[in-house]
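Chemist: Sharing a structure here in structure tokens format.
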Amino acid sequence: MGPRVKDILLGLLPILLALLFTTGILLAVGASPWEAYRSILEGAFESPEKVADVVAACVPLILCGVGMCITFIAGQWNVGIEGQIILGAIFATWAARNLPWPRVPILTTMLLLGMLGGALWGFLAGLLKVYGKVHEIFGGLGLNYAAQGLAIWLIFNPWKPADGATMSGTDPFPDPAWMPRLGHLRVAPLAVILALLSVVVVYFLLRGTRWGLELKALGKNFRSAFLLGVPSTPRLLTAFAACGALAGLAGAIRCSARYGRMIPEISGGQGYLSLLVALLAGYRPQWVPLIALFFAALGVGSPRLELDLHLDSSLGGVLEASVVLAVMLVGGLRALLARRRAQVGMEEAA
Amino acid sequence: MEIEFLVQTLSSLVAAASPVVLASIGETISEKSGVINLSLDGSIALSAMTGFAVAFTTGSVWLGMLAAMAVGALMALVVAFASITLRLEQVAVGFVLAMLGLELADFLGNPFVRKPGPSVPHWPIPYLSEVPILGPILFDQNLVVYLSFLAVVVTWWWIYKTQPGLKLQGVGERPESAFARGVNVNRLRYIYTVVGGALVGLAGASYSLSIKLGWSHRHTFGIGWIALAIVIFGGWDPWRVAAGSYLFGLLKALGSILQRNPAFANVPTQIFSSAPFALMIFALLLISSEGVDRLLALLPPRVARRIDRAIRGRPPGGLGRPFVQE
């Protein structure tokens, strides 16, 4: 067995372990694992409509996942990404409601404003990190609560829908503010193109620019990078803002391409999921689309569990989180074994 | 009438804060030994669900509480194994476990959603509960609430007044010197992380069996993140951590009082229920910010030092760092 085959097998091991875990859970609740996995796959891929849904569900995961690669490379936990999605959606909704323009200018404005809103919220998270001296997870969570509160207040007051049914969101946007879809399919080609573009752009930004390399240096060893003259504060702030801009774009796209309105749950946990995506990708943007596809398929397919088997759709989330956990644990175990082997080797040499 | 209303409000505040107290004290114990258990939010959800499910199926609240504690301890054991034995990044493992716990609780809890079930019986302490004002606030509660008081006192006494507590502090502050004195650093870290986790599990049970009875989707609503913030807020000191928990309870109680005020009729209820979370976290960030450093620098050094010590605490020196035995 060549080293390459061994690497691939070891790479698949965590997925097998995670599947073993969910299978155990399904058996424990008395459900047939075979039926459950089949119904998730069917729910995700049985028809062109479903496949289109999966592709559409990839878009926010790719945008946010790629964004999270930027902040993770800089050593930062941008948990505030949920709020950054919400702010992007709020800014885009403002444009859609207030600017009676034709399609091209209004869509461009919505997307740009969405990026601006997300970037501002990301910048704030960066400020809290730099000047707050508490782990950035807390600043991010605080900003998420604040963004959620702002969204709910807007939907319940100035943006109240005509029928008063606030839980289903604002009134639908005027037609030009809807991102064009592919025929009757619920996927907007423009959104997919933007998402894939973000992968390419961030890949080169992180690899080929001074900014990217300095972020990497800060993430690897903050203190020595700082001592070597990397301007840490501006780098961290721009990293947070860049991730926020991509998250804001995702928020704008969710309003414009998916719902055609602003809803209270506009971020829908996509930010937290994208955090898992970026962790699985090892902070490498080129891996994000593939992992996003896996997550999106689980997300679109698992509600079928409720219809077919009366199981909760959160099984998809369980599988996603346990794959990430298994990857971490297997990686840690391999490192532990390598340490043990090195120790034994040293003792034998001595 | 006014006094009666106040006593009633305080009494329900003390009860409502008990899960937060238990969880943040549990986390304090674990962080004092040097391990950050960031899985709290998922641990609490999963143990709340398990506690209710077991109590519902067996009819025994006590079995439910024990099962919840076991779940909390198990989650903490995974954190301990990953961070102590495997030396993985504690924050990363904890965060993923937090998400896993939430999803798992939703999946496994599905058959128990909105089912009426057993609850921890009300149990006024004889004599003490008849003391005017303090009696009804502190001693006319249920066992879980008394356990939350006990957790604070015992944890403080253990950490600061006993020999093993001294070792615990050493393991968290300067693991290398503790090891040099013959303390098994990693074994103690395992033990305290798991004990802390059991308290977190009890916090979950107190949610579903005492405060907000039963189980539903996102039943424990972000309480774990607040508990984690409160540990920092309280400077890793049990008394101040408890004070932080009650402050959060007060914010929540104020929210529900304001909500009933007609002046706020068109403010959505979700804002009142989530504002305390945002306020608590921003207070924490404000206190630890550099702005406070600048303000303190304006005061005479002695006063400044006192205020600094009163409002801020220093994290244990070895927090979040694996101990490598050379």
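The values are calculated or read from the model by the stated rules, or taken from the named source; none is laboratory data. Everything quoted here is computed from the prediction, not taken from an experiment. So basically every Cβ, Gly included, is an ideal-geometry build from the backbone, and we count neighbours across all protein chains shown. Only protein heavy atoms, including side chains, enter the accessible area calculation; ligands, DNA and RNA are left aside. Shrake-Rupley method; radii C 1.70, N 1.55, O 1.52, S 1.80 Å.
Chemist: Would you calculate the volume per residue, in Å³, of the smallest convex hull containing every Cα atom of the range A:120-274?
Modeler: Dividing the Cα hull volume of the range A:120-274 by its residues yields 132 Å³.
Chemist: Once the cut-off is 16 Å, how many percent of the Cα-Cα pairs in the range B:161-245 end up in the long-distance tail?
Modeler: Beyond 16 Å sits 65 percent of the P(r) for the range B:161-245.
Chemist: Here is a further query. Among A:ASN98, A:ASN221, A:ASN78, which one shows the biggest mean-square fluctuation in a GNM of chain A, springs joining Cα atoms closer than 10 Å?
Modeler: Evaluated over chain A, the most mobile residue of the options is A:ASN98.
Chemist: With the Cα gyration tensor of the range A:132-178 in hand, give its eigenvalues times 5 under a square root as the equivalent ellipsoid semi-axes, listed largest first in whole angstrom.
Modeler: Over the Cα atoms of the range A:132-178, the semi-axes work out to 31, 13, 7 Å.
Chemist: Please state the relative contact order of the range A:60-271 as a whole percent: Cα pairs under 8 Å, 6+ residues apart?
Modeler: Answer for the range A:60-271 is 44 percent.
Chemist: A follow-up question, please. For labels at A:THR233 and A:SER47 in the simple 7 Å Cα→Cβ model, what's the distance in nm?
Modeler: Those two pseudo-labels are separated by 5.7 nm.
Chemist: Using every pair of alpha-carbon atoms in the range B:1-88, split the distances into 10 Å bins beginning at 0 and state the percent of pairs per bin, rounded to integers.
Modeler: 16, 35, 28, 16, 4, 1
Chemist: Taking only the alpha carbons of the protein assembly as shown, what extent do you get along each of the three principal axes, in Å, biggest first?
Modeler: Taking the Cα atoms of the protein assembly as shown, the three principal extents are 81, 75, 64 Å.
Chemist: Between the range A:205-262 and the range B:248-290, how far is it from one alpha carbon centroid to the other, in angstrom?
Modeler: Result: 31 Å between the Cα centres.
Chemist: A follow-up question, please. Just round it to a whole percent: the fraction of Cα-Cα distances in the range B:154-301 exceeding 28 Å.
Modeler: 40
Chemist: Net charge near A:GLU265: determine it from the other residues with C-beta under 11 Å of the C-beta of A:GLU265, scoring Lys and Arg +1 and Asp and Glu -1.
Modeler: 0
Chemist: I need the fraction of alpha carbon pairs in the range A:275-324 separated by more than 14 Å, rounded to a whole percent.
Modeler: 51
Chemist: About its Cα centre, how strong a charge dipole does chain B have in debye, to the nearest 20, once Lys and Arg get +1 and Asp and Glu get -1 at the Cβ?
Modeler: Magnitude of the dipole: close to 580 debye.
Chemist: Let me ask you something else. Could you compute how much accessible surface B:MET69 exposes when probed at 1.4 Å, giving the result in Å² to the nearest 10?
Modeler: 60
Chemist: So which aspartates and glutamates can B:LYS161 reach, going by Cα to Cα under 14 Å and dropping same-chain residues fewer than 8 places off?
Modeler: Of all the aspartates and glutamates, those that pass the test against B:LYS161 - Cα under 14 Å, at least 8 places apart if same chain - are B:ASP237.
Chemist: Same structure again: Most mobile of B:ILE44, B:ILE311, B:ILE223 per a Gaussian network model of chain B (Cα springs, under 10 Å)?
Modeler: Looking only at B:ILE44, B:ILE311, B:ILE223, the biggest GNM fluctuation is shown by B:ILE311.
Chemist: Let me ask something else. Using 7 Å Cα-to-Cβ label points, what is the B:VAL154/A:LEU12 separation (nm, one decimal)?
Modeler: About 5.0 nm separates the two model spin labels.
Chemist: Which residue, A:LEU182, A:LEU194, A:LEU206, has the most motion in a Gaussian network model of chain A that connects Cα atoms within less than 10 Å?
Modeler: Most flexible of the set in this elastic network: A:LEU182.
Chemist: Here is a follow-up. Can you give the net charge of the other residues whose Cβ lies under 14 Å from the Cβ of A:PRO180, counting K and R as +1 and D and E as -1?
Modeler: That sum, taken over residues with Cβ under 14 Å, equals +3.
Chemist: Same structure again: Under a 1.4 angstrom probe, counting protein chains only, how are B:TYR190, B:TYR160, B:TYR207 ranked by accessible area, largest first?
Modeler: Most to least solvent-accessible, the answer reads B:TYR160, B:TYR190, B:TYR207.
Chemist: Determine the order of B:THR58, A:THR166 by accessible area, beginning with the largest, at a probe radius of 1.4 Å.
Modeler: Descending accessible area places them as B:THR58, A:THR166.
Chemist: Tally up the carbon and sulfur contribution to the accessible surface of the range B:1-52 as a whole percent, 1.4 Å probe, everything protein left in place.
Modeler: For the range B:1-52, the apolar C and S fraction of the accessible surface comes to 68 percent.
Chemist: Kindly report, to the nearest 10 Å², the accessible surface of B:ILE191 as traced by a 1.4 Å probe over protein heavy atoms only.
Modeler: 80
Chemist: For B:LYS115, go through the aspartates and glutamates and keep the ones whose alpha-carbon is under 19 Å away, minus same-chain ones fewer than eight residues off.
Modeler: The qualifying aspartates and glutamates are A:GLU306, A:ASP312, B:ASP106.
Chemist: Please give me the summed charge of the neighbours of A:LEU309: other residues whose Cβ is under 14 Å from its Cβ, Lys and Arg +1, Asp and Glu -1.
Modeler: Its environment carries a net charge of -3.
Chemist: Binning every alpha carbon pair distance of chain A at 10 Å from zero, what are the percents per bin?
Modeler: 6, 22, 30, 25, 12, 4, 1, 0, 0
Chemist: Further question: What does the charge dipole of the range A:60-271 about its Cα centre add up to, to the nearest 20 debye, if the Cβ of each Lys and Arg holds +1 and the Cβ of each Asp and Glu holds -1?
Modeler: Magnitude of the dipole: close to 480 debye.
Chemist: Here's another thing I want to ask about it. Quantify, in whole percent, the carbon and sulfur part of the accessible surface of the range A:289-350 (1.4 Å probe; protein heavy atoms only).
Modeler: Exposed carbon and sulfur together represent 65 percent of the surface.
Chemist: In percent, what relative contact order does the range B:1-137 have, based on Cα pairs under 8 Å that are 6 or more apart in sequence?
Modeler: In percent, rounded to a whole number, it is 32.
Chemist: Here is a further query. With every protein chain kept in place and ligands, DNA and RNA left out, what is the accessible area per residue of the range A:60-271? Probe 1.4 Å, answer in Å².
Modeler: Value for the range A:60-271: 39 Å² per residue.
Chemist: Measuring from centroid to centroid over Cα atoms, what is the spacing of the range B:305-326 and the range A:278-335 in Å?
Modeler: Centre-to-centre (Cα) distance: 35 Å.
Chemist: Sorted by accessible area (1.4 Å probe), largest first, how do A:HIS184, B:HIS219 line up?
Modeler: Reading off the accessible areas and sorting them downward yields A:HIS184, B:HIS219.
Chemist: What are the residues whose amide H is under 5 Å from the amide H of B:TRP215, where those residues sit 5 or more places off or on another chain and H is modelled from the backbone?
Modeler: For B:TRP215, the qualifying residues are B:ARG114, B:LYS115.
Chemist: How long is the range B:2-239 along each principal axis, judged by its Cα atoms, biggest number first, in Å?
Modeler: 57, 42, 29
Chemist: A further question follows. Averaged over A:310-319, how many beta carbons belonging to a partner chain fall within 10 Å of each residue's beta carbon?
Modeler: 6
Chemist: With unit charges on the beta carbon (Lys/Arg positive, Asp/Glu negative), name the residue among A:ALA239, A:PHE226, A:LEU275 whose Cα is farthest towards the positive pole of the charge dipole of the protein assembly as shown.
Modeler: Result: A:PHE226.
Chemist: Right, something else. For the range B:107-140 and the range A:70-137, write down the distance between their C-alpha centroids in whole Å.
Modeler: 44
Chemist: Rg and Dmax of the range A:233-344 over Cα atoms: what are they, in angstrom?
Modeler: 18.2, 63
Chemist: At a probe of 1.4 Å, how much accessible area disappears from chains B and A on forming the pair, both sides counted, to the nearest 100 Å²?
Modeler: Approximately 4000 Å² gets buried when B meets A.
Chemist: Considering protein heavy atoms only and a 1.4 Å probe radius, which residues within the range B:263-287 exhibit an accessible-area decrease of no less than 40 Å² in the full assembly relative to the chain by itself?
Modeler: So the qualifying set is B:PRO268, B:GLN270, B:ILE271, B:ILE281, B:PHE282, B:LEU285.
Chemist: Given the whole protein assembly as supplied and a 1.4 Å probe, what does the accessible area of B:SER274 come to in Å², nearest 10?
Modeler: 20
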